[in-house]
Every structure is written in structure tokens, then in C-alpha cells.
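Read the structure below first, then the notes.
Nothing in this text is a laboratory measurement; each read-out follows from the coordinates by a stated rule. Because the structure is a prediction, the values reported are computed rather than measured. Note: ideal-geometry Cβ built from the backbone for every residue, glycine included; neighbour counts use all protein chains shown.
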Amino acid sequence: MAPITENVRFLSVKFENGGIWDLIRFGVWGDKESGAKFLEYSSTGDHVVEEEEELLRDDDEVADHRWVIFVSILVRKILKVFGKPMERTGFFLEFMLNLFSLNGSSFLGLLYNIWHGKLIIPQRGSETFISSIGHVDGRINLYKTEILTKEIDQPDFGHRPLMDLCMMASKLAYENKTVVRDVVNLHWKMHFVDFYNCWNDYQKERSTQVFILCDKPKDANLILISFRGTEPFDADDWITDFDYSWYEIPKLGKVHMGFLEALGLGNRGNTSTFHEQLFVKNAKYTNSENVDPNSGSDQSSSDSEQSPNKTAYYAVRNKLKSLLKEHENAKFVVTGHSLGGALAILFPTMLVMHEEVKVMQRLLGVYTYGQPRIGNRQLGKFMEAHLEHPVPKYFRVVYCNDLVPRLPYDDKTFLYKHFGICMYYNSLYIEQKVDEEPNRNFFGLRFVLPVYLNAGWEFIRSFTNGYIYGSEYKESWDSVLLRFVGLFVPGISAHSPVDYVNSIRLGRERSIQMSSF
């Protein structure tokens, strides 16, 4: 184990350290020696050691906890095995989706262009190459854009145009830089600032994407930061979502280790790097402060190897400070869907941690969609003190049976808890403000039948929304196919941006107690 600073506490669940037989012995028989292969913890802090021992104990009270971590490791191992096939499948699927869309959006249109020598070959990274998420939900127009040109004094769940802008920006973050720029500048009539493809030192790749826009190029009122979420065919993103590792920050609480790594604030391979980034001002671990944040994401691999690796937290923080100085009346919003939502709330958390008081005074709000949990109750209470007074600034949107907001598992052992105001939408797009979404862990036999019945209803509804609500709500065949997959894995299909956009635009209040359906 790497040397660590005194009183530093962490628990790292390393799924790659043991084999399948070790996992079976740990999960089925509670073998301590086998379980210890997967769990690395701080050598200081008796409470951490006790927590680790509780995970390994073989008694009825903690059996469920052992099974939770067993399932987590198993899922992550499976994802790792299928990582390359998933990547290749996604690459091929996106190519084919773009091939059809650029050649008449049909098989006949494709044949026609081939026959007449007019075949258009998709070019990844171009302004016409759309992600699989963009094909599932192709909408790019905003909801009542004109209202956004006015100064926003106070965010809330009633400000539909701002909620819609944040969700659409969260969805747009899945696209390449050229597509993002064109949508922001040409369709939204706003000002595209930059797109960042940032380094994750644990994954050893540029896997964290984020872009920034302003509502106008001069004297802007609004600055928006949007983090990209979990890519459907990126195994590493899903492995992060299913991770239970944490790093404890004194007085702040326990924070999800994978999300810290995605922001570029450390590497579990050398846990001292977390202390370097979190507690040492102007840390030199990533050299991020010396990287030009305007360099964008289009560097070649050879360039990136010769220059310091840019990480998301420092690149965005530097640019945000510059923009706030340039636009004296502007406030900023942070948003993201899925993994992007976790990074969106973690970003201001780190600003508080680093005592960026002047920056935090300009925060208008944080809007997340389908966001996983990022830490424990202590972290929640700490951030609520900074985000709820004098007015609430953190709003978490959850659609129905979405699996991702139920991750990581919430119980007394793993300690992951949501915080902030939650707007929950059921499958009828009826909204309710709640402390926690129903069925917070997505497990239990009593939930199985309702969840699958609801998935069936959502599949049927995908054929009717266009007739009921208008043409903009007509679902693509890609979305219908995802609904079909949802008949087998309901929590995955409910994570689609389609339902989050629909929830905001069609959502209506209901004051009585609501069910999941």
C-alpha cells in the first residue's frame, strides 16, 4: 500500500485484485482472506478497519452488505471483460446510425445514394456526427428560449426554461466539440466558450468531457457548465457508477473515490495524490494550473504526451474565474446527466473545499438529472449548509425507475446518501418534491412486478406520445428499441434523456402521495 498522510481514511474496492473463485468464496461463504483481496483500506483510523471487518464478517446481520459488494464486484468484472466488445459495438452502432441518417434515414435512401454514387461516409468528430444518445433523443430546440435572455434572480424547480436548458445542455454534452459549438451558437443563439476532453489519471485516458457556454458573448448574465454523463458503451463509466470506494475528507465527509478521480483530484493507485489535490494549495500532481484551458480537446495523442495532462476540475475552475471576471453581472450554473450529474455537484463541493468564496457567491444553481450518490450524510449536511441558504441552489431530478440514482447502494455500511431537493417524476410525468425517490436501492422482490409492468407501459407509450403531445414528442426508433431493452432491464431504459426532457416539459404537480407508476 502506498504511504498515506496521518489520519487519512479511505476504503478502495478493487475488483481486479482477486479472481472469480475468490469472489465466490467471499460472497457465498464470507471468506475473510478472499474478501481482503478486494478491499484496500487506510492503515490509520480504527473505525475504517472496523468497517472493513464488518464487510468480511459472516453473520446474518451483515450478509446483505456482503452480497451488495459481491454484486458490485461481479458487475464490474463482467463490464471489464466486455469492455472492448462494448466499445467496438458502440463504435459500429454509432457509425451505422450516422450512415443511415446522412443517407436518407432509411435503407432505401442508403441504397439510392450508393447506386448514384452519392454515398456520404460519416466522419467522427464532424458537425454531422451524432452520438447514440443524440439519436435516441434528437431534439435540440429549447423550451421558451426568450425567457432565458432575462436576468434570473433566483433558481427553483418552477423555472422551467432554466431546468430545460440545463437538461438539454446535459444531453448535448454527449456530443463532440463541433456539434456542441454549432448547437449552442446556431440553434440556441448563445455563446459557446469551450469544450474540454480531460484526463482521468486512474483510467489513464481523456474520459471526462465538459463544455461551457454563456447566454451572450458580452455582458452575459448566465454561464453554464455541463459535464458529460455515462456513455452507454463505455465500460469504465459504468464501472465507476457501480463502485463503492470512498475517500474521507475531514470535516467534509466521505466522497466517492471514482468521481474524485474523474474530476482529476487523485488516483487510488497512489492514495497520497488525493491529499495532494484536496489539501495542498496549487498542487503540482497534475500540473493542471499550467495548462491553457482554451486549448480545447483536439490535441493529438502525441501532443498530450508531451504536455501536462489537463484535468477537469482545474481546467473548468480556471476558465470560470476568467469568465466571472469578464462578465461582472453573470452567475453560473452547473449541470449534468448521470455520471455528469455527480461531477456537477462535486465541482462546487470542491470549490467550497478550496475556499473559493468569491466564486461560490456567484453560483446560481446546480441541476442534476439521473445523478448517482456522491458521498455520505456528513457530506450532504456540509453542502446543504452552503447550498440551501439563503435560498436553495441544488436541485436533483429523478425519473421513475431510473437505476443510476439508486447507485451506489444506500445503507448503514456503505453510507452513500443523496442530499438536496429531489424532484421525482413518475411514468405519467407527474411531479413531486421528495427527500428520496421511491425504492431507493432498486432491489427487493416486492418491487420486481411493478417495475416490469411499468417498463411495459413505457414501451407502449413510446408509440403514442407523438400523437398525444405533438410531433416533437414522437420517439425515434432508437428510443423505441431502448424501451424494448427496458422490458428486460427497466432501470437502464428509464435512464434515457428522453424521459427527463419530457418530464420537464410535460410535468405537472400532484399533491397526494404518489406511487412509482
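Assorted remarks:
- For D194, the residues whose amide H sits under 5 Å from its own are I212, ignoring neighbours fewer than 5 places away on the same chain, with H placed 1.01 Å from N.
- Proximal lysines relative to K14, as straight alpha-carbon distance under 22 Å, when same-chain residues fewer than 8 apart are discounted: K32, K37, K77, K80, K84, K204, K254, K412, K417
- Descending by average beta-carbon neighbour count within 10 Å, the peptides 96-103, 81-88, 435-442 line up as 96-103, 435-442, 81-88, the highest first.
- Two-site FRET efficiency, V357 against L93, from Cβ-Cβ distance with R₀ of 56 Å, rounded to 0.05: 0.75
- Under-5 Å amide H pairs with N200, H placed in peptide plane, nonlocal only: E205, R206, S207, T208
- Computed from phi, the 3J(HN,Hα) profile of region 200-206 under the Karplus parametrisation 6.51, -1.76, 1.60 (θ = phi - 60°) reads 10, 5, 6, 7, 6, 7, 7 Hz, with x in place of Gly and Pro.
- Cα gyration tensor shape of region 206-268, rounded if a/c is under 1.5, else prolate or oblate by comparing a/b with b/c: oblate
- Peptides 458-465, 385-392 ordered by average Cβ neighbours within 10 Å, highest first: 458-465, 385-392
- Peptides 195-201, 108-114 ordered by average Cβ neighbours within 10 Å, highest first: 195-201, 108-114
- Residue-wise HN-Hα coupling along region 179-184, computed from phi with Karplus coefficients 6.51, -1.76, 1.60 (Hz; x: Gly, Pro): 5, 4, 4, 5, 5, 5
- For region 249-263, 3J(HN,Hα) computed residue by residue from phi via the Karplus equation (6.51, -1.76, 1.60; θ = phi - 60°) reads 9, x, 6, 9, x, 8, 10, 4, 5, x, 6, 4, 5, 5, 7 Hz, glycine and proline entered as x.
- In range of the label at Y452: residues from region 390-430 whose backbone nitrogen is under 11 Å from the point 7 Å along Cα→Cβ: none
- Whether region 391-440 is rounded, prolate or oblate, judged on the alpha carbon gyration tensor where a/c under 1.5 counts as rounded: oblate
- Between the amide H of Y394 and those of V366, I421, distances stay under 5 Å, these residues lying 5 or more places away or on another chain, with hydrogens modeled in the peptide plane.
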